[in-house]
Amino acid sequence: MNNISTTPSLVDQFGRVVDYIRLSITDRCDFRCVYCMGEDMTFSPRNEVLSLEECARLVRVFVGLGVSKVRITGGEPLVRKNALWLFEDIGQLKGLNELVLTTNGSQLEKQAIDLKKAGVKRINISLDSLNAARFKKITRTGELNKVLAGIQAAKQAGFDNIKLNTVLMRGFNNDETVSLVNFAIEQEIDISFIEEMPLGEVDHARGNTFVSNDDTLKLLQSKHTLIGSSETTGGPARYWRVANSQTKIGFISPHSHNFCESCNRVRITCKGELYLCLGQEDKIQLMPLLRHHPHNDEPLIAAILNSMKIKPKGHDFDLRRTAPAVIRFMSHTGG
Ligand code: SAM
Ligand code: SF4
């Protein structure tokens, strides 16, 4: 591979340095979470999806351009055949300080130890309910027990950090806010609440199920002593420490607190589309550059550098609109 620079090259028109990529390695998933997908999904044909080698090449190129953090996501990344190969391949890459993973946890019982060995530092596991029947209703196909076993396996594997991701929805799981936090405290892990985002057409009106993180914070403050933390991942989450515990609570609030001014990331879909913003359509296609120039990274590098000029100022989510802000599902872009 050519062109490995050491200084950050990815700076957008607003002066934001991009040093974090989220790479979706599949749009497929063994769950069909109601806020994320429709019940009947058509997934991308295999030949339109990046090979694992192409994923590894992209990560190398981005790291060469100053990216130091990579999150592998999906769809469900761990249902992709041989996903572990990718983690092993990029896990030891010089300059990649943080290799992290977002997963629904269903495959973790089998894979946690190997992922840790491959170099995954931190892991986010989605968990929206502690009630098996409800968990099934929200995920449509998921088994709570498998995910709980996955969380235990992740704890045993010894990742630097484990964080639960919860999307609260009125009428689905908002009455479990406190029990989910208490579970995180018992398990000595962190938890983040993500406000539901209007991505893709789903079966419910998102305006009706929306739960504001401001309300969630107020509720939790009435149950626990929360200490504001200045900790930041350079991203959207604001953190609070729960007094007398190991647990931090994060709030990812695209509606109640816009987070775009400090955005440091871009997203790459499993089809090689580089999206400059989760909530906008601006993108460039990396797949043709990968496939037409298998041994020359220069066209790819030039296109990535150029893309910084079209990174939008911010998203434009508005739950009062009936139509989704963007047509593609979160599972397409990679959460
Ligand atoms: N399958 C993995 C999982 O569920 O963790 C990784 C991909 S998933 C798209 C990444 C994260 O996006 C999950 O935490 C999920 O809860 C969240 N998510 C999906 N659709 C969302 C939406 N419409 N609004 C907010 N969060 C969403
Ligand atoms: Fe699958 Fe994750 Fe979307 Fe749920 S949130 S359907 S687990 S990709």
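Any residue that is closer than 16 Å to Gly250 by Cα and open to solvent by less than 30 Å² (accessible area, probe 1.4 Å) - is there at least one of those in the range 202-211? Looking for residues that are closer than 16 Å to Gly250 by Cα and open to solvent by less than 30 Å² (accessible area, probe 1.4 Å), one finds at least one in the range 202-211, hence yes.
Yes/no matrix, rows are residues, columns are (1) among the aromatic types (Phe, Trp, Tyr); (2) in a helix (DSSP H, G or I); (3) surrounded by 21 or more Cβ atoms within 10 Å (Cβ to Cβ):
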{"site": "Val266", "(1), (2), (3)": "no, no, yes"}
{"site": "Cys270", "(1), (2), (3)": "no, no, yes"}
{"site": "Gln280", "(1), (2), (3)": "no, no, no"}
{"site": "Asn296", "(1), (2), (3)": "no, no, no"}
{"site": "Ala303", "(1), (2), (3)": "no, yes, no"}
{"site": "Asn306", "(1), (2), (3)": "no, yes, no"}
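Being at pLDDT below 90 and of a type in the set (Gly, Ala, Ser) is the filter here; which residues of the range 199-256 pass it? Within the range 199-256, Gly200, Ala205, Gly207, Ser229, Ser230, Gly234, Gly235, Ala237, Ser253, Ser256 qualify. Taking the criterion of being over 15 Å from Ile191 (Cβ atoms) and open to solvent by 40 Å² or more (accessible area, probe 1.4 Å), the residues of the range 136-157 that qualify are Lys136, Lys137, Arg140, Thr141, Glu143, Asn145, Lys146, Gln152, Gln156.
Comparison of Lys69, Lys110 shows that the only residue that is open to solvent by 10 Å² or more (accessible area, probe 1.4 Å) and within 20 Å of the chain's Cα centre (by Cα) is Lys69.
The values are calculated or read from the model by the stated rules, or taken from the named source; none is laboratory data. The structure presented is a predicted model; accordingly, all values stated were derived computationally and were not measured. Positions of Cβ are backbone-derived with ideal geometry, glycine not excepted, and every protein chain shown enters the neighbour counts. Side chains are part of the model used for accessible areas, which takes the heavy atoms of the whole protein and leaves out ligands, DNA and RNA. Shrake-Rupley method; radii C 1.70, N 1.55, O 1.52, S 1.80 Å.
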